[in-house]
Amino acid sequence: MFACFFTMLWWKPKSFDSRFLFPTLLGLLAGMALLTKSFAQLLPICVGLSWWHLHVQKWRLTSFLKHSLPGLLWTAILSLFIFSLWFILDPDPAAIWQEFVMKENVGKMGSGIGSWIAGFLWDGNTVWSLAGSWFFNAGLLAFPLFGLMAASWNRRSDLMEDERLLWIWVLAIFLVFCIPSERSGRYLLEGMPALAVLMAVRSDSIGRYAFVVSLGLVTGLLLSLGWISLLLANDVGISAFPWWHFPLLLAAIGLSAAAILRAPLTVFCTPITVLSFFLLLSGFLSVFDAPLGTFNRAVIESARGRVVWVPEKFRSKAETHRFLLPYSIVRGYPAGEKIPDPPTRGPNDLMVIQGPIDSPGPEGAIGSRIDITSRHKAWQIGEMAAGKVRKHLFAREWLVPVESMP
């Protein structure tokens, strides 16, 4: 989606004057966004592009209707045509209409004016929580983002034309996604590339201490990640980590500390340390990939064609096991509930049970893998904050015959 607006900025004014070439290019780019995400993405794209054209043309409506509107309509038609390929290529187009168009998209609109206003202002997914999602999406750069917004507002009369256009795009996304009754901060992710460009352009105007706070947060997370990595290494061995994990961890902590202490390094090093944290997080999570985080080939073959029952807190849990056990028939049942009784389950079925990472294998177990848990309850989060991270964060999954369970 940002490629549409990057294209317009990079080649302006030709892009704004074009009647066919750039509208076609934008239609192709927008079509890829629609096909891989949703046809609803066309609305913020059209609102943003229309707003840009009106702004460039000094809000002369006649000029907009004559020179810009035909190209925008062609962009919309072409992108919708690309989205419609889904109906042609999918073997069940009726399900797309029922599940995706009507349920997933149209169903997120408010059921009535009164309920929509209540949800907009105070009940449910409010506009205030949506506005706060900009900072949540910025993550470790939330404080510099706040500094960027404050600096841009204070110097709004001095902003370059390209900056104004990028802010228009950010505002267009926000206004469009205020419309659905289900307002989610993930919808605003499409505006983050524009904010990244604006932050780079205005980094000198953002107070240094906004970056220092981010660096402090990164340092704390790096230290926590180092501690958790050592806990996991104690269970699975340090060789399970990439060779660069612990050297990079020490280097990132040192760089972050230097950036906090030395002002010339602060702005430049902040994004580097943030990226280093995510690279280190990737290295940490790679331990849960193959071979430790998957069932071995013998286990996969022994489960071929058999039903495997998986406790799931949410739908994607069972979906994950369809990749881990690709030749099995994976069925989920609500976590915390008793496994289905016969005749729902068969005597030859298998089930997945989870325990501490260092737990011994239950009777009859045919294989195991390590896993990292999620969606912790409040009391578990409290215990992890008190130091019991290993107990609640790491787990081992065992694949056992149903008949061996009590």
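Laboratory data are not the source of any read-out in this text; all were calculated from the coordinates shown. Predicted model only: the values in this text are computed from it and were never measured. Neighbour counts are summed over all protein chains in view; Cβ atoms, including those assigned to glycine, are modelled from backbone coordinates with ideal geometry.
Some notes on this structure:
- Helix 127-138 and the longest principal axis of the Cα set of the chain meet at an angle near 70°.
- Highest-first arrangement of 88-98, 207-217, where packing means the average Cβ count within 10 Å: 207-217, 88-98
- Table column - 3J(HN,Hα) (Hz), segment 377-384, Karplus curve with 6.51, -1.76, 1.60, x for Gly and Pro: 7, 4, 5, 5, 4, x, 5, 5
- C-alpha long axis of helix 161-176 to longest principal axis of the chain, angle in °: 60 degrees
- Couplings 3J(HN,Hα) of segment 178-185, computed from phi: 7, 5, x, 6, 9, 9, 10, x Hz, in residue order, whole Hz [Karplus 6.51 cos²θ - 1.76 cosθ + 1.60, θ = phi - 60°; x for Gly and Pro].
- Only Lys, Arg, Asp and Glu carry charge here, each on its Cβ (+1 for the first two, -1 for the last two); on that basis the chain has a dipole of about 800 debye about its Cα centre.
- Theoretical ellipticity at 222 nm over the chain - DSSP helices of four or more residues, -39500 (n - 2.57) apiece, nearest 500: -17500 deg cm²/dmol
- Compactness of the chain, expressed as Rg and Dmax over alpha-carbon positions, Å: 26.0, 79
- Cβ-based charge dipole, the chain, positive-most Cα from L78, N154, H321: N154
- For the chain, relative contact order (Cα pairs under 8 Å, six or more residues apart, normalised by length) works out to 11 percent.
- Placing +1 on each Lys and Arg Cβ and -1 on each Asp and Glu Cβ, with no other charges, gives segment 2-202 a dipole about its Cα centre of roughly 640 debye.
- Sum of side-chain charges, I206 neighbourhood, beta-carbon under 14 Å (Lys, Arg +1; Asp, Glu -1): +1
- Relative to its Kirkwood radius, the Cα radius of gyration of segment 189-305 gives an Rg/Rh of 1.14.
- At R0 = 41 Å, FRET efficiency that the Cβ-Cβ distance of S50 and W122 yields, to 0.05: 0.85
- All C-alpha pair distances within segment 297-404, sorted into 10 Å bins from zero, spread as 14, 44, 32, 10, 1 percent across the bins.
- Formal net charge of residues neighbouring G367 (Cβ-Cβ distance under 12 Å; K, R +1; D, E -1): +1
- For L350, residues with placed amide H under 5 Å, excluding near neighbours: V307, V308, W309, V402
- In the chain, taking the dipole from charged Cβ atoms about the Cα centre, the farthest positive-side position among L248, F120, L54 is held by L54.
- Taken over segment 2-202, the convex hull of the Cα atoms encloses 142 Å³ per residue.
- Here segment 297-404 is treated with +1 on each Lys and Arg Cβ and -1 on each Asp and Glu Cβ, and its dipole about the Cα centre works out to around 340 debye.
- Annotation: amide H-H contacts under 5 Å for K313 (H modelled 1.01 Å from N, sequence separation of 5 or more, or interchain): A335.
- By definition, a body whose alpha carbon gyration tensor gives a ≥ b ≥ c is oblate when a/c is 1.5 or more and a/b is not larger than b/c, and segment 150-227 fits this oblate description.
- Remark on R183: its backbone amide H falls under 5 Å from those of N125, a criterion applied only to residues 5 or more positions apart or on other chains, H modelled at 1.01 Å from N.
- Dividing the mean sequence gap of close Cα pairs (under 8 Å, 6+ apart) by how many residues segment 297-404 holds gives a relative contact order of 29 percent.
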